Amino acid sequence: MVRRKEYAKLEFADGCHATDDALEQYAMGRLPEPQLAEFEEHLLVCESCQDRLALEDSIRQGVRDKGAALQQPHDVAWWRLPRLAWAAGLVAVGLAVFAGIEWHSVRHSPATPAVILLQTTRGTEGTTPAAPAGRPLTVVLDLTGLQQFSEYKLEIVDAAGHSVFQASRAPQVDKLQATLSRGLAAGAYFVRVYNPARELLREYALVVRG
Amino acid sequence: MMVNDIADTEDDRPASAQPCWAALVEKIRQNDPDGLEELYRVFSRGVRFYLCRQLGPQDLDDRVHDTFLIVAQAIQRGELREPDRLMGYVRTIVRRQVAAQIEDNVLSRKQQFDLDWGLAVRDTGSNPEQAAIRQENQQLAAKVLKSIAPRDREILIRFYLWEQPAEQICTEMGLTDTQFRLLKSRAKARFGLLGKRKVTRRLVPFDERNWREIPLKR
């Protein structure tokens, strides 16, 4: 007698549909195999969950397309500052004005880097990510599916194949990150990931718009 | 009510109305056209959705057709031993289709790379309709992200762009797990309200006319 494999149970909200958590994990490719099978089987026959997943994909893609230029999460958010910090800030501004610090020098302080997430995608939503020109740029590369190394070599070349940036970086949770303090000029670029022996592992297209 | 409950999406459609798999499989084995029709009706949209999401819209109709052909013929040959596992069987076939297509793409790309003369390469760029849809989605995303509260926006960016785990977001933003879920849900609902109709309706329209294309037992 064939004994069927016992699957870890996937949580279904109200007993009918996949929970938002499961949906998000699936959309981000993080749902582990036992639940993955159960989820995909349900997805094949459930229009509601298909629509919810389509919306989830759309939100994720939208945030990745447009969110990068809006904010970097490590910035300290002004609304969370305690009153003491507000007071200290106001005092500091007052002192700065008093000391004659030119507004010009403040205004030209380094800008917050734009963050671009580069990943391999399939399907209708995958297109070349675009970064703003002339602004510090942080590229985050998705290494999912690549052979694991303690360090990777990263290179950015322009459309003519000339190298404009090179670095070695250690991965952090399937991600490789590098910041270009001066950013890039407008144009088409390719971001390449090599193993330590400098064999090309993956290449991502990147567009920088002025 | 749980904050991540499906009820938050205001989608009160019932879950899949699943037929009796054993009866359905038996009908297909008997080469009953009703069985094939039912198979197509139950799985068509899901198979299209899965293939489109994994491989894109190119040749989608052909791929869906191939999938049903494989499933129907395998059932008729008696290869599905446990009729109750029909959903799992269809999933396996669809995943094989995806894997085979990706393998084919890799092989053809490699062959093209090895050639040193010019050859026709399929244009993988968006067609005008896809480009318009994508632009519309981007405009929608920009509109929503600018319109929501800064804290909600930060949550979405941390979660989707930086892929930070919920625990980290809660710690760094000083939120409880419930607050995090509530804020994330609220921010996503804004997307839902503005874009749900536009985004989901265009994805994979179900077309019942195609079911009769499945060839019967040979």
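The values are calculated or read from the model by the stated rules, or taken from the named source; none is laboratory data. This structure is a prediction, so every number in the text was calculated from the model and none was measured. With ideal geometry, Cβ positions are generated from the backbone for all residues, glycine too; neighbour counts draw on all protein chains shown.
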Every residue from the range B:181-197 that is closer than 27 Å to A:ASP174 by Cα and surrounded by fewer than 19 Cβ atoms within 10 Å (Cβ to Cβ): B:SER185
Subset of the range A:43-63 (residues that are over 20 Å from B:ASN137 (Cβ atoms) and at the interface with another protein chain (Cβ under 7 Å from one of its Cβ atoms)): A:LEU43, A:LEU44, A:VAL45, A:CYS46, A:GLU47, A:SER48
Flag for B:GLN101 being modelled with pLDDT under 90 and at the interface with another protein chain (Cβ under 9 Å from one of its Cβ atoms): no
Selection from the range A:189-210 of residues that are over 17 Å from A:PRO136 (Cβ atoms) and without any contact (Cβ under 8 Å) to a residue 60 or more places away in the chain: A:PHE190, A:ARG192, A:VAL193, A:TYR194, A:ASN195, A:PRO196, A:ALA197, A:ARG198, A:GLU199, A:LEU200, A:LEU201, A:GLU203
Where A:LYS66 falls short, out of the listed (1) more than 23 Å from B:ARG85 (Cα to Cα); (2) at pLDDT 75 or above; (3) facing chain B (nearest Cβ under 7 Å): (2)
Residues within the range B:153-170 that are closer than 17 Å to A:ARG30 by Cα and acidic (Asp, Glu), tallied: 2
Residue match in the range A:74-87 (condition: of a type in the set (Asp, Glu), at pLDDT 85 or above and within 24 Å of B:SER185 (Cβ to Cβ)): no
Subset of the range A:43-55 that is buried (at least 22 other Cβ atoms within 10 Å of the Cβ) and touching a residue at least 24 places away in the same chain (Cβ under 8 Å) - its residue that is nearest to the chain's Cα centre (by Cα): A:LEU53
Failed item in (1) more than 16 Å from the chain's Cα centre (by Cα); (2) at pLDDT 90 or above, with B:ALA7 passing the rest: (2)
Residue within the range A:132-139 that is within 13 Å of chain B (Cβ to nearest Cβ) and surrounded by 13 or more Cβ atoms within 10 Å (Cβ to Cβ) present: yes
Flag for A:ALA185 being of a type in the set (A, V, I, L, M, F, W, C) and at pLDDT below 85: no
Residue, nearest to A:TYR194 (Cα to Cα), within the range A:139-175, restricted to residues that are in contact (Cβ under 8 Å) with a residue 40 or more places away in the chain and among the aliphatic types (A, V, I, L, M): A:LEU154
Residue count, the range A:159-198 (criterion: more than 12 Å from A:LEU146 (Cα to Cα) and more than 16 Å from the chain's Cα centre (by Cα)): 26
